[in-house]
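Structure record follows, encoded as structure tokens.
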Amino acid sequence: MHTIIEPFRIKMTEPLKITSRDDRVAALAAAHHNVFLLDAEDCCIDLLTDSGTGAMSTEQWAALMLGDESYAGSRSWKRFKASVTEITGMPHVLPTHQGRAAEAILAECVLNPGDIVPNNSHFDTTRANIEYRGAVALNLPCLEAFDTQAEAPFKGNMDVDALRACIAEHGADKIPFAMMTVTNNTGGGQPVSMANLREVKSVLAEHDIPFIIDACRYAENAYFVREREEGYSDRPLIQIAQEMFALADGATMSCKKDGLANIGGFLVCRNDAWAEQFRNLLILREGFPTYGGLAGRDLEAIAVGLREALDYDYQVYRHATVEYMVRRLTAIGVPMVRPAGGHAVFLDARQMLPAMEPLQYPGIGVVNALYVAGGVRAVELGSVMFGHFDDKGVEQPAPLELVRLAFPRRVYTQSHFDYLIEVIEQVWRERDAIPGHRITFQPSLLRHFPCHFELLK
Ligand code: F0G
């Protein structure tokens, strides 16, 4: 059969509110034209994030009931630790309430002001945690990553020559660790090849620089390696994941992505001295080391979810959805990051609105038009999220203006995606009417969450 079906059936439903265009115009104005400030129930198809928004399986719901809520040494902790250890092979496992808590502990224990942390591309919370320590979060994506139309198989890779140059320029002493984000969320959900991970590891090993994987979408990356990299086509995903982690000295994880859970994360490492420091801070910030910031039942759901994410049929279906979207939208002519990434479709707002200045935030224009057209909530990954102020206080745009439509795991069906295509098509046809935006309120850190906009006319 050619039709790839959802490899599950639905046992419980959750109603979606159908709103009118007028309702949505009013809701967006009340939210200061920032979709983060909308009520979720006013979003018909909510693609703001694939983080913590997935549907759990029957096995996970059953596991919840086994949750052991003992403060220390619970059975649930043992099951969580067994899953994490099997997949990552790391001796030290620290549960956290989500990914950024793992990042914060790592940054606080290891970084000093003026340090440099290279990555293929830092996610916003990773960057913020590093900058909060006075260190520099440096993005070193491969060159293909800047060409949204280039059909390269591993556009999430790091530019290894740039990494060498960075070490030569700053010295290994200034680089307490380097990271690789798999898949590269900020760069379009694009995968990292095993060959690139190996090369990065070998450069770092020459200089004794620890290598940390931001593993949020490790299972999606393992699937891409299997499909696209020579020598992996018959390997089980768990083996590919294990090979990835074997290259690293540690990892940060948000279990809200490929843990298939609604909350949770972890920090793992090999170094005993680091683990000791991490554990002390974990107790201070998150909780006793056998639960982190999590309930026993969360640990259970994650223990099951981490393994389910490595189910091949699940990954085939998940990637088929993204590829279907990219194929249909390409046929209409909508510019987007290609090839298809792992967890989302990334529209290229700069190419959609070529006449608009980057600091009029074309990505916000497209996000808001999608909401008004069909109640679809997307997110801007452009100059609002990743722009910065230079030494003179002048706002500098981001290199790309992307709009991410992130797909929650096991939540929406084929007809939801067909509806989504119709909404995007309408926005594309009527793109000349999309206005620019101006920020009227912003905090100094992570401004995209609470900021307010007004329309430029
Ligand atoms: N690293 C990456 C690559 C991420 O995508 C995220 C979260 C985090 C770290 C932080 O994890 O949310 O559990 O604290 N990304 C979400 C997103 C929020 O929408 O892409 P967290």
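For the reader, a short list of remarks on this structure follows.
- The residues listed here are 154, 123; of these, the one that is within 15 Å of the ligand (Cβ to nearest atom) and either within 22 Å of the chain's Cα centre (by Cα) or hydroxyl-bearing (Ser, Thr, Tyr) (or both) is 123.
- Of all residues in segment 392-425, those being hydroxyl-bearing (Ser, Thr, Tyr) and either on the phi > 0 side of the Ramachandran plot or open to solvent by 40 Å² or more (accessible area, probe 1.4 Å) (or both) number 2.
- Residue in segment 38-45 that is within 16 Å of the ligand (Cβ to nearest atom), touching a Gly at 6+ places or on another chain (Cβ under 9 Å) and not small (Gly, Ala, Ser) present: yes
- Scanning segment 188-212 for residues that are within 22 Å of residue 319 (Cα to Cα) and within 15 Å of the ligand (Cβ to nearest atom) gives 188, 189, 190, 191, 192.
- For segment 27-37, the set of residues classified as open to solvent by 50 Å² or more (accessible area, probe 1.4 Å), away from the ligand (no atom under 16 Å from the Cβ) and not aliphatic (A, V, I, L, M) consists of 32 only.
- Within segment 247-277, the set of residues being among the hydrophobic types (A, V, I, L, M, F, W, C) and within 16 Å of the ligand (Cβ to nearest atom) comprises 248, 251, 253, 255, 260, 261, 263, 266, 267, 268.
- Test for residue 225: is it free of Cβ contacts under 8 Å to residues at least 60 places away in the same chain, in a helix (DSSP H, G or I) and of a type outside the set (S, T, N, Q): yes
- Cβ-Cβ contacts under 8 Å between residues 6 or more apart (or on different chains), taken from a first residue in segment 304-332 that is more than 10 Å from residue 7 (Cβ to Cβ) and open to solvent by 30 Å² or more (accessible area, probe 1.4 Å) to a second residue that is modelled with pLDDT of 95 or more and β-branched (Val, Ile, Thr), are listed as 307/87; 307/238; 328/421; 332/421; 332/424.
- Extreme residue, farthest from residue 90 (Cα to Cα), among residues of segment 236-270 that are in a loop (DSSP other than H, G, I, E, B) and in contact with a His (Cβ under 8 Å, 6 or more places away or on another chain): 263
- Tabulated pairs, segment 256-283, first closer than 18 Å to residue 77 by Cα and among the aliphatic types (A, V, I, L, M), second within 11 Å of the ligand (Cβ to nearest atom) and part of a loop (DSSP other than H, G, I, E, B), C-beta under 7 angstrom, 6+ apart or interchain: 261/255; 263/52; 263/97; 263/98; 263/256
- Restricting attention to segment 126-137, the residues that are open to solvent by 10 Å² or more (accessible area, probe 1.4 Å), of a type in the set (Ser, Thr, Tyr) and within 12 Å of the ligand (Cβ to nearest atom) add up to 0.
- Residues in segment 74-107 that are away from the ligand (no atom under 15 Å from the Cβ) and either modelled with pLDDT under 95 or open to solvent by 60 Å² or more (accessible area, probe 1.4 Å) (or both) were compared, and the one that is farthest from residue 293 (Cα to Cα) is 86.
- Criterion violated by residue 65 - all others in (1) farther than 27 Å from residue 275 by Cβ; (2) away from the ligand (no atom under 16 Å from the Cβ); (3) out of contact with any helix residue (DSSP H, G or I) (no Cβ under 8 Å at 6 or more places or on another chain); (4) of a type outside the set (Val, Ile, Thr) satisfied: (3)
- Members of segment 108-120 found to be more than 11 Å from the ligand (Cβ to nearest atom) and not hydrophobic (A, V, I, L, M, F, W, C), listed by number: 108, 112, 113, 114, 115, 118
- Residue in segment 250-269 that is within 28 Å of residue 207 (Cα to Cα) and open to solvent by 30 Å² or more (accessible area, probe 1.4 Å) present: no
- Selected residue (criterion: modelled with the highest pLDDT) from residues of segment 143-170 that are part of a loop (DSSP other than H, G, I, E, B) and of a type in the set (A, V, I, L, M): 152
- Test: residue in segment 171-187 that is open to solvent by less than 60 Å² (accessible area, probe 1.4 Å), assigned to a helix (DSSP H, G or I) and away from the ligand (no atom under 16 Å from the Cβ): yes
- Checking residue 71 against (1) within 16 Å of the ligand (Cβ to nearest atom); (2) among the aromatic types (Phe, Trp, Tyr); (3) not in a helix (DSSP H, G or I), the condition it does not meet: (1)
- Residue identified as at pLDDT 95 or above, more than 15 Å from residue 46 (Cβ to Cβ) and touching a strand residue (DSSP E or B) at 6+ places or on another chain (Cβ under 8 Å) among 416, 452, 388: 452
Yes/no per residue for (1) of a type in the set (D, E, K, R); (2) farther than 13 Å from residue 301 by Cα:
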residue	(1), (2)
69	yes, yes
81	yes, no
84	no, no
105	no, yes
111	no, yes
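- Strands (runs of 3 or more DSSP E) contained in segment 355-451 and holding at least 1 residues within 16 Å of the ligand (Cβ to nearest atom), touching a residue at least 12 places away in the same chain (Cβ under 8 Å) and closer than 29 Å to residue 320 by Cα: 379-381, 402-406
The values are calculated or read from the model by the stated rules, or taken from the named source; none is laboratory data. If you're wondering where the values come from, they're calculated on a predicted model, not measured in any experiment. Every residue, glycine among them, receives a Cβ derived from its backbone with ideal geometry; neighbour counts consider all protein chains shown. For accessibility, only protein heavy atoms count, side chains too; no ligands or nucleic acids. Shrake-Rupley method; radii C 1.70, N 1.55, O 1.52, S 1.80 Å.
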